[in-house]
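Encoded as structure tokens, the structure appears first; notes follow it.
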């Protein structure tokens, strides 16, 4: 292992340490139950017939032969969903359009991408279910299709939906425009201007676990779902809306999740399994294959971004014009919105204009992917800043320090920033030994910064003290990135008891109050706040119970070292530990249990600066990353190993985005590389150890100073790698992924 | 169906009605998951080698051959439990002695009854596990055994335990003595005295579902249990104590329960499955057979009771002396304690003495059985009162009315009774047409009263309002007698929304605050109080949220018809329903979720009067019950069908106790009738429809007037049937069960 540093240490006993994770033993021994592991006696297996066409009208569906096959217990199409209104429901970070979500589960009149589900079957075995698919006859009227952004925006492009664009039928789903000052005029007077059209490709989150669920609907319409997702309440909300149920009639139990990265903030299988279970009267299990994941779940969108960035000769950024087109796939999805917000949000620029639009085309509808839409936008901006630095001969970090937003600057939302830590993060990067290390031949170094807004959102936590003084901490968020550990640590810290006396669990939707899905880097922050507040309330109860036992006023009790101390005059009482107080709970008022819901609105943005060294093989165009350091503003790292892991994971995903990853479509609009062999994500042997440096500037109004850390690390790598490759190649690389073929071609073209 | 009456109707909209049960569909379609239904992939099956001897010392255990059998993954004996202290833990209605509970799971040095577990095996199939049992060699030193109370009390009896009796080694485990006035002197001056030695046999609860569980222990010692019990927190507490775990490390998920009646207020399998899972690293399922249930789980104790009851010629009871010996089985269990409390507690008697003791012997250790120990004691008293009535020529109900306890009388606990309803129940019985209906030849009518103290205890409930305004109600008590329905009804009543908008669930031990087990007829009362209070708090929150939406003070909002109404001057706002308020929760402060723990101490005793008609066949001694009416003080019947069901079920169990049920032991002390064919419980064809009359005198301090209703109906039947048979036979029957052989012999002896 290489060094993993931390700036600032902590005054806490448990927060900031690296205990064994509470879910570790189960996960390394294979005992943990992921979506595909869940089993119910008598359950059926579901399978889905998918569109072979990128764009087609469904003329007819004949399922009679499939229904007649022995072992087939139910067949479902979109017609089995109660026809829903086009309601947006607020089930997480972004609203989910119920009607469109339903069509991504089972197509209605048209198919909009190859792999879109059309008919689902439940049978007594996976083999029978698959065999039944072959017996279904779907007649299609094949329509012309379009994939690329530019093609989809042409006036003669095949139009996917008639009703997206207020200006008349087109593939443009949203137009956004955000403007301050007079950017054109300011650009005209700038000393230096960097210009470019940057492109990125749609990339898949690549979560290791494909979607999987088991649904079980009772004869009276009550239902249960067990599934892997980023939010059981989100699943409850979307499935209930699509299938027309009361929310309280649907109990969703979260199973372990093998990665989500934003891709599991919606559902694809659950409504289908629910309808199949309802029709068959039996539990139904459905599991996607990797091929299905690639063809039918939402990747992050590709983008085409034009930027013009102007600066004075002193390195003051004065003007920027950014125009972005996001390739959102078949239905409007994760698009330009966050891109417009994030593109220039890291810098003070007086005159600026950011425009963006979402462009639909015949590929899977995109969805959130870690800091959704920010990496694309900031990629263009961070490359342009690098170009400015090169033009001015300035140090690229120094240039960023001149222009970085800081406390008191107006944020995108219009309110002034609090004590944000971009400056400290830049300073930490500048001081890191990586930044001044020598480079070898054919090597280049790039740096890039990035920021992410971070979310708060609704969270509920429950802490109950068992009769022996051990504590259960229940929350409503799945443990994606270590929340069991961080929740237990925060509770243990407040209660002042050892971490092993606190057991964290992930509760189902019927066992805890509403909790927004895990997304927006909000869980350690907001759910942690709920846990901390619940624990603080437990401490107050423990003090009151001790006071009752002693017969003193509760104000005369202090909680210290996990024990109640009696401060009442003239009383010399031995301290009472949590175990002693808990064992007497039935005599002092009953169970000690606190449920706390919070909805904090004070989440703070976080910042990251990545330093990337690459070595370029001029013969082949191959790029190897030789050293990589992720410096990140993390507020307070509750469990630093997890935070470092977030920084490392985000960096690796960003490197894949920069160098390797892209969908390839054949001329029929079918995905040609729907598998990990052909869709090339970085693996351990491709990369050096990713070094991290955690910059701890605590969030001033969070009990433990926590800021969201999970998303910002995917923002800088696209530009950090591109800047490094551009430095090594001696020329600006505008297009991702920077494959050997593309680099080779660029080097050849440049001679 | 015959008529099911109710006295008093209710002013409520939902409480007092008979909606479809929320758990109904699953239970009638076989979808509900009981203990034996639960399945985990890779789970092993456990089996238990049991003692063939009624009393023996274990000389050696050799498990090597069993361990060597292919497919055997773990073998466990008592030595695998960490040696526990003789701690009583407070895990429910009665403390459970951990050391003894452990020996009932796996014997230590001695076996005390045939069927006591000695060695447990976990293997990949039930067949292999059973085969492995045959390979285990246990050497015993067989000891003399004793079964019957009188035999066990002899000075030369084999003594089971050296340490039970403070007076020196004996089989007497507890001696109780409760005395008021001078009973001997008062008896000497009584106008009439009824005398008798009454005997009852140990009887099994006969729950339809044998004990079953699945345990799964992780590599780091955290564990989960899924099982059928009367209290998941009780299971957690006992299993953690026996196996030496932190409570928070053990998560117990309650499955459906197919009857308990007190018998499932302890554990037999769970600690064994837990240890086997720990040793094997795999989940372990264990299920008892009916044979094992009879041989190794605790029935209710038999008893031998001497009574002398004196009265004036006007029918005033003046003196009573009752001496009771309870046959508690191998270890001290459910014994004389509640018998001493209940025997005379229904009547005003100035001079009284009640003594009792628990006698151990070589049969399964007894456990709670519905109103534990009260039916035996009150059987003797209610028969004696009947004899007094006959001697005085008084109406037996009128005699009871003269002496019944009423409000203000001192209760057994020393505090005055509140507004108890014994008098009203007696009056309702006297007025019932059954009481004056004519009898045919060879028929006899008996009546008897009974009372049960009822418990309060700790309960937690959580209500969370989903975004669509539907409500989930979670509680920590298993649904044994309809608690899902009654909890949902009380919540719906308070929230003023339809019952179908409220979904009740039974939460696991990690998802809700501590809840004492379901026993002592406490759940509808205490957990219902927690639900009612939580719902009332939800209403306050809903009002506050509506006030926030309107921008008025919360005091100017009224909750009526499930809607918030604005009372603020000059404001003409349309009412806001729960759905509208819930959909805006994220904008008005976050999730609406309330957890409430209560520990009420104001549970009230309830009373029952049963009228029984029998027809006796003088040729065979066979007794047929021809008509039976259970009149019961119920406080307020939340869901009257369930309450009637309780009255009917208790009556039927009591009839079985009176007429049919008893263990038979062979001369080696082995149970000869360990199955439902030979241990004869009444079935539907044995009985008439049991009529019920619910007397509703609401509990004055419970939100819905609820009193415990589940246990008192088993108290009167023993005496009601005995009084009827005695009337038909023209002679007092003292001994239960009144089998045809016994009645025939008695009739013959009397000529």
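A compact table of results
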| read-out | value |
| --- | --- |
| Subset of the range A:293-347 that is part of a helix (DSSP H, G or I) and closer than 27 Å to residue A:408 by Cα - its residue that is nearest to the chain's Cα centre (by Cα) | A:338 |
| Extreme residue, nearest to the chain's Cα centre (by Cα), among residues of the range A:233-243 that are closer than 25 Å to residue A:207 by Cα and within 12 Å of chain B (Cβ to nearest Cβ) | A:234 |
| Complete set of residues in the range A:599-654 that are surrounded by fewer than 24 Cβ atoms within 10 Å (Cβ to Cβ) and at positive phi | A:621 |
| Residue ranges of helices (runs of 4 or more DSSP H) in the range B:128-246 with at least 2 members without any contact (Cβ under 8 Å) to a residue 40 or more places away in the chain | B:232-243 |
| So residue B:191, is it surrounded by fewer than 20 Cβ atoms within 10 Å (Cβ to Cβ), over 24 Å from the mean Cα position of the chain (by Cα) and more than 14 Å from chain A (Cβ to nearest Cβ) | yes |
| Count - residues of the range A:244-278 that are within 13 Å of chain B (Cβ to nearest Cβ) and farther than 30 Å from residue A:653 by Cβ | 10 |
| Any pair with Cβ under 8 angstrom, 6 or more apart, that starts in the range A:583-594 at a residue that is at the interface with another protein chain (Cβ under 8 Å from one of its Cβ atoms) and ends at one that is outside any helix (DSSP H, G or I) and modelled with pLDDT under 90 | A:586/B:90 |
| Members of the range A:374-406 that are over 15 Å from residue A:344 (Cα atoms) and out of contact with any helix residue (DSSP H, G or I) (no Cβ under 9 Å at 6 or more places or on another chain) | A:391, A:393 |
| Filter pass, residue B:615 being touching a residue at least 12 places away in the same chain (Cβ under 8 Å) and part of a strand (DSSP E or B) | yes |
| Per-region count, the range B:607-635, residues farther than 11 Å from residue B:429 by Cβ and touching a helix residue (DSSP H, G or I) at 6+ places or on another chain (Cβ under 9 Å) | 18 |
| Selected residue (criterion: surrounded by the fewest Cβ atoms within 10 Å (Cβ to Cβ)) from residues of the range B:514-561 that are without any contact (Cβ under 8 Å) to a residue 40 or more places away in the chain and part of a loop (DSSP other than H, G, I, E, B) | B:551 |
| Answer residue from the range B:250-272, given it is within 20 Å of residue A:26 (Cα to Cα) and surrounded by fewer than 24 Cβ atoms within 10 Å (Cβ to Cβ) and is nearest to the chain's Cα centre (by Cα) among those | B:253 |
| Positions within the range B:95-119 being more than 18 Å from residue B:57 (Cα to Cα) and either away from chain A (no Cβ under 14 Å) or modelled with pLDDT of 95 or more (or both), in sequence order | B:97, B:101 |
| Segments classed as helices (runs of 4 or more DSSP H), wholly inside the range A:379-491, with at least 1 members that are touching a residue at least 12 places away in the same chain (Cβ under 8 Å) and either within 14 Å of chain B (Cβ to nearest Cβ) or surrounded by 24 or more Cβ atoms within 10 Å (Cβ to Cβ) (or both) | A:396-403, A:422-431 |
| Selected residue (criterion: surrounded by the most Cβ atoms within 10 Å (Cβ to Cβ)) from residues of the range A:495-513 that are out of contact with any helix residue (DSSP H, G or I) (no Cβ under 7 Å at 6 or more places or on another chain), assigned to a loop (DSSP other than H, G, I, E, B) and facing chain B (nearest Cβ under 8 Å) | A:512 |
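The values are calculated or read from the model by the stated rules, or taken from the named source; none is laboratory data. Source: prediction; values computed, not measured. Ideal geometry is used to build each Cβ from the backbone, glycine not excepted, and the neighbour counts take in all protein chains shown.
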